[in-house]
């Protein structure tokens with residue numbers, strides 16, 4: 001694929017992905033405002049945007065998705081970089097601006113991303129040799145574990161009922 005087209009497809013993918021989540025938030029708000037027909041419209045168009053994003057991903061997948069070893073290394077490096085370089089700056093800015101909710105969300109994300117990096121690193125080092133039956137994801141902060149669901153999330157303190165199991 002030629003460079004301009006690849007770049008445009010990637011840009012469209014990002015736009016469609018953002019639209020998908022934005023429209024789901026709009027649908028939620030419409031439901032709160034007791035406008036179920038509008039909420040349904042937002043959800044329907046969100047689904048269309050998801051389809052578009054999926055089509056774009058299929059077109060650029062070969063440029064993004066490599067062999068599993070490379071994908072693990074890249075994912076590890078991305079998580080490490082985000083948790084060590086990006087989120088600390090976001091947290092600093094939010095603190096300076098007095099945005100306490102953003103500080104909390106950025107802190108949860110930073111801490112969860114560092115756990116994600118450890119899981120990738122352990123997998124790359126073949127430390128997780130036994131079959132993992134499931135992963136458990138905290139639905140509050142995004143912390144992930146392959147061990148037993150903790151009684152309380154080590155990142156945000158959410159109770160075990162807030163974990164979703166991925167099998």
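The table below lists the values:
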{"read-out": "Listing of helices (runs of 4 or more DSSP H) fully contained in the range 54-167 that carry 1 or more residues being farther than 30 Å from residue 7 by Cα and out of contact with any strand residue (DSSP E or B) (no Cβ under 9 Å at 6 or more places or on another chain)", "value": "87-96, 100-124"}
{"read-out": "Hey, residue 58 within 20 Å of the chain's Cα centre (by Cα), surrounded by fewer than 17 Cβ atoms within 10 Å (Cβ to Cβ), outside the structural domain of residue 140 (by TED's automatic domain parsing) and within 30 Å of residue 124 (Cβ to Cβ) or not", "value": "yes"}
{"read-out": "Test result for residue 117, more than 22 Å from residue 14 (Cα to Cα), in contact (Cβ under 8 Å) with a residue 24 or more places away in the chain and assigned by TED's automatic domain parsing to the domain that holds residue 155", "value": "yes"}
{"read-out": "Tally, over the range 30-40, of residues that are touching a helix residue (DSSP H, G or I) at 6+ places or on another chain (Cβ under 8 Å) and surrounded by fewer than 17 Cβ atoms within 10 Å (Cβ to Cβ)", "value": "4"}
{"read-out": "So residue 91, is it at pLDDT 95 or above and either over 30 Å from residue 70 (Cβ atoms) or surrounded by fewer than 17 Cβ atoms within 10 Å (Cβ to Cβ) (or both)", "value": "yes"}
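The values are calculated or read from the model by the stated rules, or taken from the named source; none is laboratory data. Bear in mind the structure is a predicted one, so any value in this text is a computation, not a measurement. Methodologically, a virtual Cβ is constructed for each residue, glycine included, from the backbone with ideal geometry; neighbour enumeration extends over all protein chains shown.
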